[in-house]
Amino acid sequence: MEELSRLIELLNSEDEMERLHAAEELGDHTSSEAILSLVSCLEKDESRVVQEACVASLCRIGTEEVAEEVAKLLRSSDPYVRNAASEVLQLLGDRARHVVELLLRDPDPDVRTLAVRVVGEGQFSNASALLRSVVLNDPDANVVASAVEYLGEIGGSSEDRDALHEVRARFSDPFLEYAVETALRKMGE
Amino acid sequence: MGKKVLVIDDSSTVRSYYRKILEANGFAVAEAINAYEGIEKALEEEFDLYLVDINMTKGTGIDFLREVRSNPELVAVPAAVISTESEEKDVELSLSAGANVHFIKPLKPETLLEICRILTGEVAADG
Amino acid sequence: MNRSSFSISGEEFARLADYIYRRTGIFYDENKRYYVEKRVFDRMKATGHEKFRDYFLYLRCDASGQEFQRLVNALTVNETYFFREYDQLKCFAEEALPEMLKGGCGRERPLRVWSAGCSTGEEAYTLAIILLEMLDSDGFGFEVHATDINDEVLQQAEKGVYEQRSVREVPSVYLEKYFVPVYGKYCLKPVVKEKVRFYQVNLLDRAQMQKMRGFDAIFCRNVLIYFDDRARREVALSFYESLRPGGFIFLGHSESMSRIAPIFRVRKFKNAIIYQK
């Protein structure tokens, strides 16, 4: 316990190497305090290397709680922070599944776009079903385009193909049309 | 020889869409998947324009812009951000990091071409 | 299914190539189709897949990432030899080294270089030869540290005896100056051997890595390619701590730090692009 508070304290050190070291060591702890302090450090620290150490440690801890806390950073106005957070979710795979399913229904299309990439790049056992549902239901062209691309890569069932054809009825955008064509071609159509 | 455009975007569909449109109109295109690969390519070869996405892992569009704008050899190359972010704060961030313009995806082919033609000096902005 | 009748369609190849490119930064173009196909075929056989499509899904969705690693291993045959990737070594010797020396190392303290994942020692000894050539006449000191996880290769490395194949790229003046031919093999002279310290280090063992400090340059070429995303980031962070400020990191020709972690600065030199702390 003392060790944990010492490390959390060190995350506020003036010295970059001390903060880096503390961020790395905190990855061996799994308590909420450790997770919350790493998430807050990832969000606020001014050193990219310390932030990257937070990413590495959060991946190492790898619990569902990490997924829940990190998901909040997808709304960050700092592009590095929100993309680093999405990378953590991606690397957590199925342990982040519940959180990611919620993010796919977020009102903010930018958050949904990131969530689609998490599903597409990560290792999720129900990835095609999740992507198909985005392709069929999401109202935003960019979110759908991203899901179309990943479905083209990991999908292939007749349901997946049908979903891609449906997009043409819902949108008339040249980029989306191109994305659908490319995905169908990848599926061998 | 056509003007050379470096496309930095993590989506292969986006990259190949731009490539198809631009190559058909006389531009030469190179691709990078994130900021650091973009910086590597920009250092290896001279370009007339950067087309930059914002959300990418292991180096965002903002990282790319800050890096090229702090490099005397690359500072003058025009850069267009083409991203999904549409809020005012996102646009401000792009411009303050060194983008000349910020456009919101998805782009129609004619808009993409117009951006590229204007920023590479092929046509005047008011033309 | 047999090898002669097996082929991957253009679209399938493009999809696989794109996936490998995204994950590793290595791009296999159409010219490499036969090369990739052969190795994919072997992996399909080993995992009991008849159709490429099924194998690709297995590869893509295997949460452990093990199959991806095996495929990458099969694709990146690690043949090591002296003076491998010459342009990069030239960059190290002619461009990075003068910068390091300006910082005072070599005079006030020895220059420290680390060959991480040194295998049978070819790279470490190559670095020692280059540094002997570049520094010793000026009286500058240097150390080459060479580590690997595998203690069998380390024992082999310490012997300093190589086949002709390993020394084929060694410039003939160096071959004469630093090697003794014995029964068709090449033995390194003590002047080179005594400059290199071999020991066992697991790059993912943080306790071991914390002892690796104060290096001016790290060579870790064609090693991280065998690690998954998470492990690569951890190693990159450890390397950051192992380097002095301004220290350089040399990865393999086909590898890029852009796939690992955004923590180093990109530097352009005449002969190569190098990442720096």
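Could we say that A:V100 is in contact with a Cys (Cβ under 7 Å, 6 or more places away or on another chain), modelled with pLDDT of 95 or more and of a type in the set (A, V, I, L, M, F, W, C) here? Give the steps one after another, and end with the answer.
Working: in contact with a Cys (Cβ under 7 Å, 6 or more places away or on another chain): no; modelled with pLDDT of 95 or more: yes; of a type in the set (A, V, I, L, M, F, W, C): yes.
Spelling it out, it is not the case that A:V100 is in contact with a Cys (Cβ under 7 Å, 6 or more places away or on another chain), modelled with pLDDT of 95 or more and of a type in the set (A, V, I, L, M, F, W, C).
Could you list, in sequence order, all residues of region B:106-127 that are within 14 Å of chain A (Cβ to nearest Cβ), part of a loop (DSSP other than H, G, I, E, B) and either open to solvent by 50 Å² or more (accessible area, probe 1.4 Å) or in contact (Cβ under 8 Å) with a residue 40 or more places away in the chain (or both)?
Residue satisfying the conditions is B:K108 alone.
Taking C:K185 as meeting all but one of (1) open to solvent by 20 Å² or more (accessible area, probe 1.4 Å); (2) under 16 Å from the mean Cα position of the chain (by Cα); (3) more than 19 Å from C:G247 (Cβ to Cβ); (4) not polar (S, T, N, Q), write down the number of the exception.
Condition not satisfied by C:K185: (2).
Looking only at region C:1-48, how many residues end up being of a type in the set (A, V, I, L, M, F, W, C), under 24 Å from B:G59 (Cβ atoms) and modelled with pLDDT under 80? Walk me through how you get there before you give the answer.
Filtering region C:1-48 down to residues of a type in the set (A, V, I, L, M, F, W, C) leaves C:1, C:6, C:8, C:13-14, C:16-17, C:20, C:26-27, C:36, C:40-41, C:44, C:46.
Within this subset, residues satisfying the condition of being under 24 Å from B:G59 (Cβ atoms) are C:17, C:20, C:26-27.
The next check asks that each one be modelled with pLDDT under 80; those that pass are C:26-27.
Residues meeting the conditions: 2.
Can you tell me which residue is farthest from A:E177 (Cα to Cα) among those in region B:1-13 that are open to solvent by 10 Å² or more (accessible area, probe 1.4 Å), in contact (Cβ under 8 Å) with a residue 24 or more places away in the chain and not charged (D, E, K, R)?
Let us first name the residues in region B:1-13 that are open to solvent by 10 Å² or more (accessible area, probe 1.4 Å), namely B:1-4, B:10-12.
Filter once more, keeping what is in contact (Cβ under 8 Å) with a residue 24 or more places away in the chain: B:1-4, B:10-11.
Checking the rest, the ones that are also not charged (D, E, K, R) come to B:1-2, B:11.
Values: B:M1: 30, B:G2: 27, B:S11: 15 Å.
Once the filter is applied, the top-ranked residue is B:M1.
Just checking, which of C:I273, C:I249 is among the β-branched types (V, I, T) and buried (at least 22 other Cβ atoms within 10 Å of the Cβ)?
On the way: C:I273 fails: buried (at least 22 other Cβ atoms within 10 Å of the Cβ).
Among C:I273, C:I249, only C:I249 is among the β-branched types (V, I, T) and buried (at least 22 other Cβ atoms within 10 Å of the Cβ).
How many residues does region B:16-65 hold that are part of a helix (DSSP H, G or I) and either surrounded by fewer than 21 Cβ atoms within 10 Å (Cβ to Cβ) or among the aromatic types (F, W, Y) (or both)? So that I can check it myself, show each step before the final result.
Going through region B:16-65, the residues part of a helix (DSSP H, G or I) turn out to be B:16-24, B:35-44, B:61-65.
Filter once more, so that each one left must be either surrounded by fewer than 21 Cβ atoms within 10 Å (Cβ to Cβ) or among the aromatic types (F, W, Y) (or both): B:16-20, B:23-24, B:36, B:40-41, B:43-44, B:64.
So the count comes out to 13.
Among the residues of region C:102-111, is there at least one that is modelled with pLDDT of 95 or more and over 21 Å from C:L224 (Cβ atoms)? Walk me through it before giving the result.
Here is the first cut: in region C:102-111, the ones modelled with pLDDT of 95 or more are none.
No, the conditions are met nowhere in region C:102-111.
Tell me which residues, restricted to region A:16-33, are within 19 Å of A:L91 (Cα to Cα) and part of a helix (DSSP H, G or I).
Of region A:16-33, the ones within 19 Å of A:L91 (Cα to Cα) are A:23-24, A:26-30.
Those that are within 19 Å of A:L91 (Cα to Cα) and part of a helix (DSSP H, G or I): A:A23, A:E24, A:L26.
State yes or no: is B:S83 of a type in the set (S, T, Y), touching a Leu at 6+ places or on another chain (Cβ under 8 Å), open to solvent by less than 40 Å² (accessible area, probe 1.4 Å) and in contact (Cβ under 8 Å) with a residue 12 or more places away in the chain? Write out each step before concluding.
On the way: of a type in the set (S, T, Y): yes; touching a Leu at 6+ places or on another chain (Cβ under 8 Å): no; open to solvent by less than 40 Å² (accessible area, probe 1.4 Å): yes; in contact (Cβ under 8 Å) with a residue 12 or more places away in the chain: yes.
So B:S83 does not fit the description; no.
With region C:168-277 as the region, which strands (runs of 3 or more DSSP E) entirely inside it contain at least 3 residues that are closer than 30 Å to A:A22 by Cβ and more than 14 Å from chain B (Cβ to nearest Cβ)?
In region C:168-277, C:215-220, C:243-251 are the strands (runs of 3 or more DSSP E) which contain 3 or more residues that are closer than 30 Å to A:A22 by Cβ and more than 14 Å from chain B (Cβ to nearest Cβ).
If you check A:L176, A:L136, A:L164, which single one turns out to be within 11 Å of chain B (Cβ to nearest Cβ), over 20 Å from the mean Cα position of the chain (by Cα) and either modelled with pLDDT of 95 or more or part of a helix (DSSP H, G or I) (or both)?
Numbers: A:L136 fails: within 11 Å of chain B (Cβ to nearest Cβ); A:L164 fails: within 11 Å of chain B (Cβ to nearest Cβ).
Answer to the check: A:L176.
Let's see how each residue does on (1) within 24 Å of B:K41 (Cα to Cα); (2) away from chain A (no Cβ under 12 Å):
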| site | (1), (2) |
| --- | --- |
| B:L65 | yes, no |
| B:R69 | yes, yes |
| B:P72 | yes, yes |
| B:A76 | yes, yes |
| B:A80 | yes, yes |
| B:S83 | yes, no |
| B:K89 | no, no |
| B:G98 | yes, yes |
| B:V101 | yes, yes |
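Please state which of the following conditions C:D42 fails to meet, knowing it meets all the rest: (1) part of a helix (DSSP H, G or I); (2) away from every other protein chain (no Cβ under 14 Å); (3) in contact (Cβ under 8 Å) with a residue 60 or more places away in the chain.
(3)
If a residue has to be assigned to a loop (DSSP other than H, G, I, E, B) and farther than 30 Å from A:E121 by Cα to count, how many in region C:45-95 make the cut? Outline the logic, then answer.
Let us first name the residues in region C:45-95 that are assigned to a loop (DSSP other than H, G, I, E, B), namely C:48-51, C:62-65, C:76-85.
Of the ones still in play, those that are also farther than 30 Å from A:E121 by Cα are C:79-85.
Final tally of qualifying residues: 7.
Can you tell me which residue within region B:83-127, out of those that are among the β-branched types (V, I, T), closer than 23 Å to A:A145 by Cβ and in contact with a Pro (Cβ under 9 Å, 6 or more places away or on another chain), is modelled with the highest pLDDT?
Residues of region B:83-127 among the β-branched types (V, I, T): B:84, B:91, B:101, B:104, B:111, B:115, B:118, B:120, B:123.
Okay, now just the ones that are also closer than 23 Å to A:A145 by Cβ, so B:84, B:91, B:101, B:104, B:111, B:115.
If we keep only those that are in contact with a Pro (Cβ under 9 Å, 6 or more places away or on another chain) as well, we get B:84, B:101.
Working: B:T84: 94, B:V101: 97.
Step by step, filter region B:83-127, then rank; the result is B:V101.
Within region A:42-61, identify whether any single residue is of a type in the set (A, V, I, L, M, F, W, C) and over 18 Å from the mean Cα position of the chain (by Cα), and answer yes or no. Can you show your working first?
Initially, region A:42-61 is screened for residues of a type in the set (A, V, I, L, M, F, W, C), giving A:42, A:49-50, A:53-56, A:58-59, A:61.
Now drop any that are not over 18 Å from the mean Cα position of the chain (by Cα), which leaves A:49-50.
For region A:42-61, residues of a type in the set (A, V, I, L, M, F, W, C) and over 18 Å from the mean Cα position of the chain (by Cα): present.
Could you check region C:207-232 and list, in sequence order, the residues that are among the charged types (D, E, K, R), open to solvent by 50 Å² or more (accessible area, probe 1.4 Å) and without any contact (Cβ under 8 Å) to a residue 60 or more places away in the chain?
The first filter runs over region C:207-232 and keeps only residues among the charged types (D, E, K, R), leaving C:211, C:213, C:216, C:221, C:228-230, C:232.
When the remaining residues are screened for being open to solvent by 50 Å² or more (accessible area, probe 1.4 Å), the result is C:211, C:213, C:228, C:230.
Residues satisfying the conditions are C:K211, C:R213, C:R230.
Which pairs do you get when a residue that is assigned by TED's automatic domain parsing to the domain that holds C:A146, found in region C:179-199, comes within reach of a residue that is acidic (D, E), reach meaning Cβ atoms under 7 angstrom, with the pair 6+ apart or on two chains?
Note: pairs meeting the criteria are C:K185/C:E163; C:R197/C:E143; C:F198/C:E158.
Mind counting the residues in region A:107-116 that are away from chain B (no Cβ under 11 Å) and buried (at least 17 other Cβ atoms within 10 Å of the Cβ)?
Start the filter on region A:107-116 by keeping residues that are away from chain B (no Cβ under 11 Å), which leaves A:107, A:115.
Pick out the ones that are also buried (at least 17 other Cβ atoms within 10 Å of the Cβ) and you get A:115.
Residues meeting the conditions: 1.
Quick check on A:A85: is it free of Cβ contacts under 8 Å to residues at least 40 places away in the same chain, in a helix (DSSP H, G or I), open to solvent by less than 20 Å² (accessible area, probe 1.4 Å) and more than 7 Å from every other protein chain (Cβ to nearest Cβ)? Lay out the reasoning, then the answer.
Details: free of Cβ contacts under 8 Å to residues at least 40 places away in the same chain: no; in a helix (DSSP H, G or I): yes; open to solvent by less than 20 Å² (accessible area, probe 1.4 Å): yes; more than 7 Å from every other protein chain (Cβ to nearest Cβ): yes.
For A:A85, the condition - free of Cβ contacts under 8 Å to residues at least 40 places away in the same chain, in a helix (DSSP H, G or I), open to solvent by less than 20 Å² (accessible area, probe 1.4 Å) and more than 7 Å from every other protein chain (Cβ to nearest Cβ) - is not met.
Can you give me the number of residues within region A:139-161 that are farther than 21 Å from C:D18 by Cα and either within 13 Å of chain B (Cβ to nearest Cβ) or crowded, with 18+ Cβ neighbours inside 10 Å (or both)?
2
For region A:1-17, how many residues meet the condition of being open to solvent by 100 Å² or more (accessible area, probe 1.4 Å) and closer than 24 Å to C:P245 by Cα?
The first filter runs over region A:1-17 and keeps only residues open to solvent by 100 Å² or more (accessible area, probe 1.4 Å), leaving A:1-2, A:6, A:9, A:12, A:14.
Add one more test, that the residue is closer than 24 Å to C:P245 by Cα, and what stays is A:12, A:14.
Total satisfying the criteria: 2.
Filter region C:120-151 for residues that are closer than 17 Å to C:V170 by Cβ and open to solvent by 20 Å² or more (accessible area, probe 1.4 Å); which is modelled with the highest pLDDT? Let's see the steps before the verdict.
If we filter region C:120-151 for residues that are closer than 17 Å to C:V170 by Cβ, which is where we start, we get C:120-134, C:144.
Applying the additional criterion that residues be open to solvent by 20 Å² or more (accessible area, probe 1.4 Å) yields C:120, C:123, C:133-134.
On the way: C:T120: 93, C:E123: 97, C:E133: 92, C:M134: 90.
Ranking the candidates gives C:E123 first.
Here is a list of conditions, (1) within 26 Å of B:I104 (Cα to Cα); (2) in contact (Cβ under 8 Å) with a residue 24 or more places away in the chain; (3) outside any helix (DSSP H, G or I), and A:Q123 meets all of them except one; can you say which number that is?
All conditions are met except number (1).
Under the condition of being within 14 Å of chain C (Cβ to nearest Cβ) and surrounded by fewer than 21 Cβ atoms within 10 Å (Cβ to Cβ), which residue from region A:46-73 is nearest to A:E101 (Cα to Cα)? Walk me through it before giving the result.
Here is the first cut: in region A:46-73, the ones within 14 Å of chain C (Cβ to nearest Cβ) are A:46-62, A:66.
In the following step, the residues that additionally are surrounded by fewer than 21 Cβ atoms within 10 Å (Cβ to Cβ) were identified as A:46-48, A:60-62.
On the way: A:E46: 31, A:S47: 31, A:R48: 29, A:R60: 22, A:I61: 21, A:G62: 17 Å.
If we take residues in region A:46-73 being within 14 Å of chain C (Cβ to nearest Cβ) and surrounded by fewer than 21 Cβ atoms within 10 Å (Cβ to Cβ), then A:G62 is nearest to A:E101 (Cα to Cα).
The values are calculated or read from the model by the stated rules, or taken from the named source; none is laboratory data. Just so you know, these numbers come straight off a predicted model, no measurement behind them. Because the Cβ atoms are built from the backbone with ideal geometry, glycine has one as well, and the counts that use them run over all protein chains shown. Please note that ligands, DNA and RNA were not included when accessible areas were found on the heavy atoms of the full protein model with its side chains. Shrake-Rupley method; radii C 1.70, N 1.55, O 1.52, S 1.80 Å.
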